[in-house]
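I have placed the structure first, in the form of structure tokens, so that the comments after it can refer back to it.
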Amino acid sequence: MKKIMLTLLMGMVWMQVLAQEKTTPSKNEPKKRKTIVRPARCPRVYINTSTGINNNTAIMGFSFDVPLPNNLSVEAGVGTGTWGDKIYAGLKYYLSPCQRGFAVGLGLAYCPGVPHDSHDLETIYGTTETIVYNKNPQTSLLLMAYKYWTIGKKYNRLYAETGWSMPITSGDKITQLSGHPMSSKAMDGLNSGIESAPILAVGVSFGIY
């Protein structure tokens, strides 16, 4: 009787071990990759936040990107940077549907300037003193190229941007208000914040349905 009970007990234990082996996946067994199911339609608008050098919306800003027919979109936004506030508007053309992959763009950026700014700057006499000046309003033409990557489950995007920024406003960029005349070196340093230069930026874009 004892042998029968022991045999039954060992059989039950063995069946339990086999059941666990069938239900517990092996560590060496490759995990199945989950399929990402995205919405059937593309977002109606994207909210972008970005930063970079000569970025459309300056060092830190945000914009709205509204898709149009024929792989086009119109974008507008605001930000702040070395020349004060910055307002941007532009048109983009995507090479792939649903605003993915590569895109090219053309836009305008306007900076109203910074009145009564002041810094310790070099003068034409070789001295350094506090000089008060205006950063005058400036408008720039932007030529841009983008690359977009899809992130998440709802067509959110990570993107990189490059291109060229070209000021198109005539006249002086700086108007000195007080102090001895600043040196050409100091003037060039201030003007560098709004000169023709490459665009290098990165951003994140959230799709809204």
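The values are calculated or read from the model by the stated rules, or taken from the named source; none is laboratory data. Values in this document were obtained by computation on a predicted structure and should not be read as measured data. Every residue, glycine as well, gets a Cβ built from its backbone with ideal geometry; the counts of neighbours run over all protein chains shown.
I'd like the residue in the stretch 135-171 that is of a type in the set (D, E, K, R) and at pLDDT 95 or above and, out of all such residues, is nearest to the chain's Cα centre (by Cα).
First pass over the stretch 135-171, keeping only residues of a type in the set (D, E, K, R): 135, 147, 153-154, 157, 161.
If we keep only those that are at pLDDT 95 or above too, we end up with 135, 147, 157, 161.
On the way: Lys135: 26, Lys147: 11, Arg157: 9, Glu161: 8 Å.
Among those residues, the one meeting the criterion is Glu161.
Only residues that are acidic (Asp, Glu) and under 15 Å from Leu142 (Cβ atoms): list them for the stretch 158-172, please. Walk me through how you get there before you give the answer.
If we filter the stretch 158-172 for residues that are acidic (Asp, Glu), which is where we start, we get 161, 172.
If the condition is that a residue be acidic (Asp, Glu) and under 15 Å from Leu142 (Cβ atoms), then Glu161 is the only one that fits.
Please enumerate the residues belonging to the stretch 110-122 that are over 15 Å from Asp188 (Cα atoms) and part of a strand (DSSP E or B).
Correct list: Tyr110, Cys111, Val114, Pro115, His116, Asp117, Ser118.
Is the stretch 51-66 home to any residue that is closer than 27 Å to Ile168 by Cα, surrounded by 15 or more Cβ atoms within 10 Å (Cβ to Cβ) and touching a helix residue (DSSP H, G or I) at 6+ places or on another chain (Cβ under 8 Å)?
There is no residue in the stretch 51-66 that is closer than 27 Å to Ile168 by Cα, surrounded by 15 or more Cβ atoms within 10 Å (Cβ to Cβ) and touching a helix residue (DSSP H, G or I) at 6+ places or on another chain (Cβ under 8 Å).
May I ask you to list the residues in the stretch 92-107 that are in a strand (DSSP E or B), surrounded by 14 or more Cβ atoms within 10 Å (Cβ to Cβ) and not hydroxyl-bearing (Ser, Thr, Tyr)?
Lys92, Arg100, Gly101, Ala103, Val104, Gly105, Gly107
When you go through Tyr146, Tyr125, Tyr133, Tyr110 one by one, which is the residue that is without any contact (Cβ under 8 Å) to a residue 60 or more places away in the chain, of a type in the set (Ser, Thr, Tyr) and touching a Phe, Trp or Tyr at 6+ places or on another chain (Cβ under 6 Å)?
Tyr146
How many residues does the stretch 138-156 contain that are crowded, with 19+ Cβ neighbours inside 10 Å and under 30 Å from Pro112 (Cβ atoms)?
Residues in the stretch 138-156 being crowded, with 19+ Cβ neighbours inside 10 Å and under 30 Å from Pro112 (Cβ atoms): 5 in total.
How many residues does the stretch 49-74 hold that are within 12 Å of the chain's Cα centre (by Cα), free of Cβ contacts under 8 Å to residues at least 24 places away in the same chain and not in a strand (DSSP E or B)?
Matching residues across the stretch 49-74 total 1.
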